[in-house]
Amino acid sequence: MRILYHDTSAYPPVSPLFIESLEASGYQYDFVDEAKFISVARISIARRLVNRVIRHVVGCQALNREMLSRARAFRPDLVLVGKGNYLSPATLASIKRETGATLVNYATDDPFNGNSRAISMDLVESVPLYDLYASTKKAVMPDLSRAGCPNVAYVPFAYKPTVHFPEHAQRPRAARFDSDVTFIGGCDADRAPLFKDLVSSLPGIRLHLYGGYWDLYPKLRPYWRGFAFGADFRRALAGTKIALNVVRRANRDDHVMRTFEIPACGAFMLAERTDTHLALFEEGREAGYFGSAGELIDKIRYYLSRDAERALIAAAGYRKVISGGHTYSDRLSQIIAATYSAPASSKQTASLR
């Protein structure tokens, strides 16, 4: 099989998600890197508005030309698109018409999320052109079917064994990562109030926040530690007692990338209690859970004083992830199986766990 893969290298070493999987699969593949055309640099709101227009005129057009050119040259059997925020319906239609390739979108975001800066009408209008939409969000699947996609599958996030592993087994722990509680992920309107309550209720807490925009909130700025990628991601988790996992409601998440990455790194995970999390990890044995700010604070107080219990839960969560078929190679196999398991013309919803 020949696979043309579109994704971004903007968030290394996690992205692109499927590069290592494709290299190990034996499939012939070509990779179009969105990051070469679309910048994700953090800039001011005013500058962002100007750059958005320029990006659409220059970067998006160049990306779409490159995608079509590579498809014509490579003649893929399958085109696997990660998100595809900046691919136009015209480009996708031309690829399908000229090459006969099957089009698949691995949607790690909600394409109907009007609060997202990356969502565009092109993305929404492209939904019916895909032969399969593999979504990481169960709540989004009915909307994808209503929008005209003939085949919709639930394919969760995963982890990369080359990136996500227990750092403490590899090297001594760095003191600057020592903390009581760590959260790795961007700040937004869903998350900021939760952490404001946390620091108000536990004023002496050694909290580390990694990711964008935490420094915009004066109350949370003292806890911001910049960004944690690659080895620093593992070190931040190795150095904390409690690794929080908070979903993004505006994105209709029932789990996130950290759901698999935290336990794969051997850390104790305290996650929001969702149906998907409960199905993946047994409460109190493989992960801790909370359902409100009050319960979060109570659980932090409880687990901070119980080192042995945290270690047992972290070890059980680690075993569950690494033995459960939750790598991106497993997800690639699920996507390919869902792509070819049903006629492209039939409307259906497939659930893959």
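Each reported figure results from applying straightforward, stated rules to the coordinates on display, with no laboratory input. Bear in mind the structure is a predicted one, so any value in this text is a computation, not a measurement. Don't worry about glycine lacking a Cβ; one is built from the backbone with ideal geometry, like all the others, and counts go over all protein chains shown.
Things to note:
- One decimal place: the segment SER292-ALA175 gains 39.0 nm when fully extended, by the rule 0.36 nm per residue minus the C-alpha distance.
- Inter-site label distance for PHE227 and SER69 at 7 Å from Cα along Cβ, in nm: 2.8 nm
- Nearest-0.05 FRET efficiency for PHE165 and GLN61, computed from C-beta distance (R0 51 Å): 0.80
- Close amide H partners of ILE242, meaning residues 5 or more places away or on another chain with modelled amide H under 5 Å apart, are VAL181, THR182.
- Environment charge at ALA228 (Cβ cut-off 9 Å; Lys +1, Arg +1, Asp -1, Glu -1): +2
- Test item: Cα-centred dipole of the chain, Lys/Arg +1 and Asp/Glu -1 on Cβ, debye: 640 debye
- Here's the picture: a label point sits 7 Å out from the Cα of SER333 along the beta-carbon direction, and within the stretch 15-32 the residues with their amide nitrogen under 19 Å of it are 17-28.
- Per-residue [θ]222 nm for the chain (sum of -39500 (n - 2.57) over DSSP H runs n ≥ 4, rounded to 500): -10500 deg cm²/dmol
- Segments 21-32, 249-260, 127-138 sorted - mean Cβ within 10 Å per residue, highest first: 127-138, 249-260, 21-32
- Volume of the convex hull of the stretch 167-322 (Cα atoms only), normalised per residue: 105 Å³.
- Segment ASP275-GLU23, length gained on full extension (0.36 nm per residue, minus Cα span): 87.3 nm
- Distance between the 7 Å Cα→Cβ label points at ASP190 and GLU283: 2.0 nm.
- Net charge, ILE336 excluded, C-beta distance under 15 Å - Lys, Arg +1, Asp, Glu -1: -1
- Checked against a 27 Å cut-off, the cross-linked pairs LYS36/LYS96; LYS138/LYS219; LYS196/LYS241; LYS36/LYS138 give Cα-Cα distances beyond that limit for LYS138/LYS219; LYS36/LYS138.
- Cut-off 14 Å (backbone N to label point 7 Å along Cα→Cβ of ARG206), residues of the stretch 224-253: 236-243
- The simple spin-label model puts a point 7 Å past each Cα toward its Cβ; for ALA308 and LYS219 those points are separated by 3.8 nm.
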